[in-house]
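Inspection log for the structure reproduced underneath, given as structure tokens.
The values are calculated or read from the model by the stated rules, or taken from the named source; none is laboratory data. Keep in mind it's a predicted model, so treat the numbers as computed, not measured. As a convention, Cβ positions derive from the backbone with ideal geometry for all residues, glycine included, and neighbour counts pool all protein chains shown.
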Amino acid sequence: MSKNEKLPIFGERELRGKDTLYHTIARFEFVDQDSALITNTVFRDKIYVADFFFTSCRTICPIMKTQMLRVYEATRDMPDVLLLSHSIDPEYDTVALLHDFAKRLGVESKRWHFVTGVKDSIFKIAQTSYFATALEDKTEPDRYIHSGAFLLIDRKGRIRGKYDGTKEEDVNRLIEEIKMLRLE
């Protein structure tokens, strides 16, 4: 991608006269690891990377968190870039457990929010807003199915990139595209 190229905007778009209305992340309300209410307004005029995980996951989540830590470190000096990890197992991933999880990772809650909430709301926003897989499946060993996607969201709440959070080269591309998006 050249320096003048812009990242694509994902999702449906609607033409209204001469204006194009793009898909944006729906309004949400979740609670983070510090018991703070986290809504879209926390991310107003910010770029953020979102994902879906659960702390007891034994498959892709540990890899995803290692890769998201790389994003966290790479954006340390970018106050306009935040991270948002949604737990898809709110019954197990309590606020206290998410607080301990974030503390073990050594991350600041003002930059990386681990959120929990009503399971159906988390599944719905994953599927309809972020176009990510997140659902319960009792036939799975860990009881859940979810994608390893990291989603890059711009200052207007639009999806600008989707990356495999288990692949180092995809996360390298994400880090570079965050830098590009900051220049738009």
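Annotations for the structure displayed:
- Segment 4-59, residues that are assigned to a strand (DSSP E or B), of a type in the set (D, E, K, R) and at pLDDT below 95: 13, 14, 16, 19
- Some residue of segment 115-137 being free of Cβ contacts under 8 Å to residues at least 40 places away in the same chain, of a type in the set (A, V, I, L, M) and assigned to a loop (DSSP other than H, G, I, E, B): yes
- Residue 85 under 16 Å from the mean Cα position of the chain (by Cα) and surrounded by fewer than 21 Cβ atoms within 10 Å (Cβ to Cβ): no
- All of 10, 28 fail the test of being in contact (Cβ under 8 Å) with a residue 12 or more places away in the chain and over 22 Å from residue 71 (Cα atoms), apart from 28.
- Matching residues, segment 65-89, being closer than 18 Å to residue 130 by Cα and touching a strand residue (DSSP E or B) at 6+ places or on another chain (Cβ under 6 Å): 81, 82, 83, 84, 85, 86, 87, 88
- Count - residues of segment 88-101 that are buried (at least 19 other Cβ atoms within 10 Å of the Cβ) and in a loop (DSSP other than H, G, I, E, B): 4
- Extreme residue, surrounded by the most Cβ atoms within 10 Å (Cβ to Cβ), among residues of segment 138-184 that are touching an Asp or Glu at 6+ places or on another chain (Cβ under 7 Å), among the charged types (D, E, K, R) and under 18 Å from residue 50 (Cβ atoms): 160
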